[in-house]
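Engineer: The following block contains the structure, expressed as structure tokens.
The values are calculated or read from the model by the stated rules, or taken from the named source; none is laboratory data. Everything quoted here is computed from the prediction, not taken from an experiment. Cβ sites come from the backbone with ideal geometry, for glycine too, and all protein chains shown count toward neighbours. To get the accessible areas, we keep the full protein, side chains included, count just its heavy atoms, and leave off ligands, DNA and RNA. Shrake-Rupley method; radii C 1.70, N 1.55, O 1.52, S 1.80 Å.
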Amino acid sequence: MAGSVTITGIEGIPEIKAGDDLGSVIVAALTRQAIELNPADVLIVTQKVVSKAEDRVVDLATVTPSALALELARNWEKDPRHVEVVLQETKRIVRMDHGVIVCETRHGFVCANAGVDASNVPGKDRLLLLPADPDASAERIRTRVRELTRVDAPVIISDTFGRPWRAGYTEVAIGVAGMLPILDYVGKLDAQGRELRATWICVADELASAAELVTGKSNQVPVTLIRGYQVPRGEGSAREPVWHS
């Protein structure tokens, strides 16, 4: 491994609209910043800009809440239309408490409110959903960047999740392309010569979380380039780290 890893925010990316070519937008921003992409780089793209480009926006004026949504909204003083959108994006309700629905999404992710979010969404009464297929989203960006630069750099789509039994939120990878999300140490020897039997490191989550140190929540830097970490290459999926009961 290299002795240092750098995290660079890709600045100057405009407000993303439905139909925008994210790969082209990213390459243009790299060019303006005089950054020459290389195959060892990793591009981290936040979920919000991906969802905006893919028009994963719901106008609450078009939503009719169900009886369950009306009941939950009444108990928690929430907008029943917002609750209904969360329920529609939910495969399974894991827990409901303090106005938060912890859900399993159709992707298999377990997160608050099925990833439905109203922050940083232009317009009133509009919600943003997770990409329908975040791995495919990452692959489209990877392919477009490769077409424009002739460099095949891995891409991670990141989003903010809570963690069981831990305060605070962190970024996780909900989509990957061009890399394996997990580094498997099982069968290898530790520094004392002992065989490792249960050590898997989710490097995709680690890289996504490291990128958030630059992107933040209000910095308007939705894309990050990480250089100096040699990711395990391959055709992986962000669903691989998800435990299924």
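Engineer: Among the residues of region 150-169, is there at least one that is farther than 24 Å from residue 119 by Cβ, of a type in the set (Lys, Arg) and modelled with pLDDT of 90 or more? I'd like the intermediate steps shown before the answer.
Structural biologist: Going through region 150-169, the residues farther than 24 Å from residue 119 by Cβ turn out to be 150-154, 165.
If we keep only those that are of a type in the set (Lys, Arg) as well, we get 150.
Subset that is modelled with pLDDT of 90 or more: 150.
Yes, that holds for at least one residue.
Engineer: Quick one: residue 78 ticks every box in (1) under 23 Å from residue 209 (Cβ atoms); (2) free of Cβ contacts under 8 Å to residues at least 60 places away in the same chain; (3) of a type outside the set (Gly, Ala, Ser) bar one, so which box is it?
Structural biologist: Tallying (1) under 23 Å from residue 209 (Cβ atoms); (2) free of Cβ contacts under 8 Å to residues at least 60 places away in the same chain; (3) of a type outside the set (Gly, Ala, Ser), residue 78 fails exactly one: (1).
Engineer: Here's a check for you: in region 123-176, which residue that is at negative phi and of a type in the set (Phe, Trp, Tyr) is surrounded by the fewest Cβ atoms within 10 Å (Cβ to Cβ)?
Structural biologist: Filtering region 123-176 for residues at negative phi gives 124, 126-149, 151-164, 166-167, 169-176.
Among the residues that remain, those that are also of a type in the set (Phe, Trp, Tyr) are: 161, 169.
Working: 161: 18, 169: 16.
Per the stated criteria, the residue is 169.
Engineer: Also, I was wondering about something else. Answer yes or no: is there a residue in region 129-136 that is assigned to a strand (DSSP E or B) and in contact with a Lys or Arg (Cβ under 7 Å, 6 or more places away or on another chain).
Structural biologist: No, region 129-136 has no match at all.
Engineer: Next question, about the same structure. Working only within region 177-211, note down all residues that are modelled with pLDDT under 65, surrounded by fewer than 12 Cβ atoms within 10 Å (Cβ to Cβ) and not charged (D, E, K, R).
Structural biologist: Across region 177-211, the qualifying residues are 186, 187, 189, 198.
Engineer: Next question. Quick one: how many residues across region 4-25 are without any contact (Cβ under 8 Å) to a residue 60 or more places away in the chain and either within 19 Å of the chain's Cα centre (by Cα) or open to solvent by 60 Å² or more (accessible area, probe 1.4 Å) (or both)? Steps first, please.
Structural biologist: Just the residues of region 4-25 that are without any contact (Cβ under 8 Å) to a residue 60 or more places away in the chain, to begin with: 12, 14, 17-20, 25.
Filter once more, keeping what is either within 19 Å of the chain's Cα centre (by Cα) or open to solvent by 60 Å² or more (accessible area, probe 1.4 Å) (or both): 14, 17-20, 25.
Qualifying residue count for the region: 6.
Engineer: So, one more: Quick test of your reading of the structure: residue 119 fulfils all but one of (1) hydroxyl-bearing (Ser, Thr, Tyr); (2) at pLDDT below 95; (3) buried (at least 19 other Cβ atoms within 10 Å of the Cβ). Name the failing condition by number.
Structural biologist: That leaves (3) as the condition not met.
Engineer: Right, another one. Answer yes if at least one residue in region 25-38 is at pLDDT below 95 and not basic (Lys, Arg), and no otherwise.
Structural biologist: yes
Engineer: From the residues in region 26-55 that are in a helix (DSSP H, G or I) and of a type in the set (A, V, I, L, M), which one is most open to solvent (accessible area, probe 1.4 Å)?
Structural biologist: 28
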